[in-house]
1. Grab the DSSP H runs of the chain that are 4 residues or longer, score each as -39,500 (n - 2.57), total them, divide by all residues and round the 222 nm result to the nearest 500 deg cm²/dmol.
2. Rg to Rh ratio, the range 7-210, alpha-carbon atoms and Kirkwood radius?
3. Which percent of the accessible area of the chain is formed by carbon and sulfur heavy atoms (probe 1.4 angstrom)?
4. Under a crude label model (7 Å from the Cα following the beta-carbon direction), how far is residue 58 from residue 160 in nanometres?
5. Could you do me a favour and compute the accessible area per residue for the range 7-210, 1.4 Å probe, result in Å²?
6. Name the aspartates and glutamates eligible as straight-distance cross-link partners of residue 135: C-alpha to C-alpha under 18 Å, and not fewer than 8 places from it in the same chain.
7. If the cut-off is 19 Å between C-alpha atoms, which lysines fall inside it for residue 46, apart from same-chain ones fewer than 8 positions away?
8. List every residue whose amide H lies under 5 Å from the amide H of residue 8, counting only residues 5 or more places away in sequence or on a different chain, with H placed 1.01 Å from N in the peptide plane.
Amino acid sequence: MTQTPFIIAVDGPAGVGKGTLAKALASHYNLALLETGLLYRALAFKVILNNVDAQNEDEVASLAHTMTASDTVNSILRQDHVANMASKIAPYPKVRAALLDFQRTFARTPPPGANGTILDGRDVGTCVLPDAPFKFFLDADVEIRAKRRYEELLLRGIDAIYANVLEDMRVRDRQDREREISPLKAASDAVLIDTSHLSIGDVFEKACAHIDRAPDPKG
Ligand code: C5P
């Protein structure tokens, strides 16, 4: 008997809480998690480190072919200058194609012991895994997202200026939503959750309620 794989796609803009939701769902349902943004961030970091011309799609794409899972394990990837570079190189079709296989292979081959996989990003539900049985698209006011990010930076002891965080987020939103290939948008069959005025717990409960209502979440 073929089983439907238990795969969850979570998409949304920066600072919306998709990473937090994905981690909570991964632990609740025992799923392997891939933060797809980390792949773009890891590539961006390689571009910066190797002084590669970010305007040169071919050079960036050839670096993308050298990526391994271990490249995504580095705390520096969380820094905003890396995210901004990620957003600059993410529109290149050759870069996206190079990273697509990695994401699909991860989604379809959960490690032994896991019930399935969960991926969060920008285009997981629309492009990477259009057949995923569960899709969520999170959104929230840009000011609220910027405020959350600003407070998170302060908590981590990083000196930040709210106006700069907001401006960075607006630029990244524009780049991610307006690019031609795989723009940030909700899949037509995604469950939409506006997190502007919801707590982390509220968002988690909404997502679980949807998953648990399905006939058999583990396929
Ligand atoms: O999710 P995160 O903020 O780590 O993503 C960093 C950047 O990587 C995004 O702003 C976006 O440009 C790019 N990205 C993407 N597609 C994904 C995940 C991230 O284009 N699936």
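The values are calculated or read from the model by the stated rules, or taken from the named source; none is laboratory data. Treat the numbers as computed from the prediction; the structure is a model and nothing was measured. Cβ coordinates were reconstructed from backbone atoms using ideal geometry, including for glycine residues, and neighbour counts include every protein chain displayed. Please note that ligands, DNA and RNA were not included when accessible areas were found on the heavy atoms of the full protein model with its side chains. Shrake-Rupley method; radii C 1.70, N 1.55, O 1.52, S 1.80 Å.
1. Helix-only estimate at 222 nm: -15000 deg cm²/dmol.
2. Rg/Rh: 0.94.
3. It is 53 percent, rounded to a whole number.
4. Result: 3.9 nm between the two label points.
5. Averaged over the residues of the range 7-210, the accessible area is 48 Å².
6. 11, 35, 120, 123, 189, 194, 202, 205, 212, 216
7. 88, 94
8. 117, 118, 119
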